[in-house]
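The values are calculated or read from the model by the stated rules, or taken from the named source; none is laboratory data. Fair warning: this is a prediction, and the values are worked out from it, not measured in the lab. Cβ atoms come from the backbone with ideal geometry, glycine included; neighbour counts cover every protein chain shown. We work out accessible area using only protein heavy atoms, side chains counted, and drop any ligands, DNA or RNA first. Shrake-Rupley method; radii C 1.70, N 1.55, O 1.52, S 1.80 Å.
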Amino acid sequence: MIFSDRWLSQKLERTEARSNAALVESRARIEPEVGAEWIEVGGTYAMFDGVGSPLTQTFGLGVFEETTPEHLDQLEAFFKDRGADVFHEVSPMADASLLSLLNKRGYRPIELTSVMYRPLVGELGEPRERDERLITHVISPDEVEVWARTAADGWGAEEPELAEFIFNMGRVSAQCEGGYPYIAEFDGTPISTGMLLIYDDLCILAGASTVPAGRKKGAQGALLSDRMNFAAQQGCTMAMMCAAPGSQSQKNAQRNGFEIAYTRIKWQLST
């Protein structure tokens, strides 16, 4: 049995931090003009991926060691010096003193995230019959643009203003270290994407997106199952996912054996 405790939180938070650091490094390599970089302060990973990027924040605050005012001074300066707002994703397993410290410094909670996990043993993914026309695979280097555009078309269906941002983010994430970008094709046409990131014995499943015309064909179920099977073959013993509480993504994860480890709070420093 795996308990939802500080050990598990350290494992999950560090793995997500490493995945985001890899994305930042990919950004720095592909678009050096952005000035993307990351640092570690008191066990906390702080990422700058450009002003306004969802990756520009910290992970692991207060989970590995007690956060001090001096730690926050360094972290806040890292973001402010680059013209970015200050955000921290905080696990409920962080040292209890962190809540009063954040309140004293003018932070406010703005977002909740369900952090989920499951062991990679037994049946991986929904054991449903699959249409033989549906095929998934890890993309080749010459499919980066197709993968990014498919992801953008899926996300952009609901939020058109985000389409180009998602396309650009997809081009960067598809080329990061430790990443395995998966695409699902139906009758040879790309309809869905999903990202798999592997670090040591834990993998992260992220980046799920399906174009409107490709929905209800089982693409996301196939991508989830195939990514977990691949990760298990690479020696992973645990998988993690993150989703908005009560969302369809959370429900899909729970149907496939994921449990909620804890609900994380995102804090923003008031200006």
Mean ellipticity per residue at 222 nm, deg cm²/dmol - from DSSP H runs of n ≥ 4 across the chain, formula -39500 (n - 2.57): -11000 deg cm²/dmol
Farthest positive-ward along the stretch 134-271 dipole, Cα basis, beta-carbon charges - from Phe165, Ile139, Ala253: Ala253
What helices in the chain pass both tests, a Cα length along the helix axis of 20 Å or more and a mean Kyte hydropathy of -1.0 or higher, using whole DSSP H runs? 6-30, 219-233
Two-decimal ratio, the stretch 68-108, of alpha-carbon radius of gyration to 2.2 N^0.38 Å: 1.18
Quick one: if the Förster radius is 45 Å, what FRET efficiency do Ser97 and Asp187 give, using the C-beta to C-beta distance and rounding to 0.05? 0.20
How far is it, in nm, from the label point at Gln74 to the one at Glu129 when both lie 7 Å from their Cα along the line to the Cβ? 5.9
Once Rh is set to the Kirkwood radius over Cα pairs, what Stokes-Einstein translational diffusion coefficient, in µm²/s, holds for the stretch 95-227 at a temperature of 37 °C and a viscosity of 0.692 mPa s? 198
For the chain the mean separation of alpha carbon contacts under 8 Å (6+ apart) over residue count, i.e. relative contact order in percent, is 24
Over the chain, one equal point on each Cα, no solvent: what is log10 I(q)/I(0) by the Debye formula at q = 0.09, 0.10, 0.16 Å⁻¹? -0.41, -0.51, -1.30
Heads up, I need the accessible area for Phe3: 1.4 angstrom probe, whole protein in place, Å², nearest 10. 130
The Cα extents of the stretch 231-271 along the principal axes, largest first and rounded to whole Å, are 47, 22, 13
Accessible area (Å², per residue) of the stretch 149-208, counting only protein heavy atoms and a probe of 1.4 Å: 40
Kirkwood hydrodynamic radius over Cα pairs of the stretch 26-185, then Stokes diffusion coefficient at 25 °C and 0.890 mPa s, in µm²/s: 132
Taking the alpha-carbon centroid of each part, what is the distance from the stretch 197-267 to the stretch 129-193 in angstrom? 15
As a test, work out the antiparallel percent of DSSP beta bridges whose residues both lie in the chain, rounded to the nearest 5. 90
Report, to the nearest whole %, how much of the accessible area of the stretch 69-159 belongs to carbon and sulfur atoms, 1.4 Å probe, protein only. 51
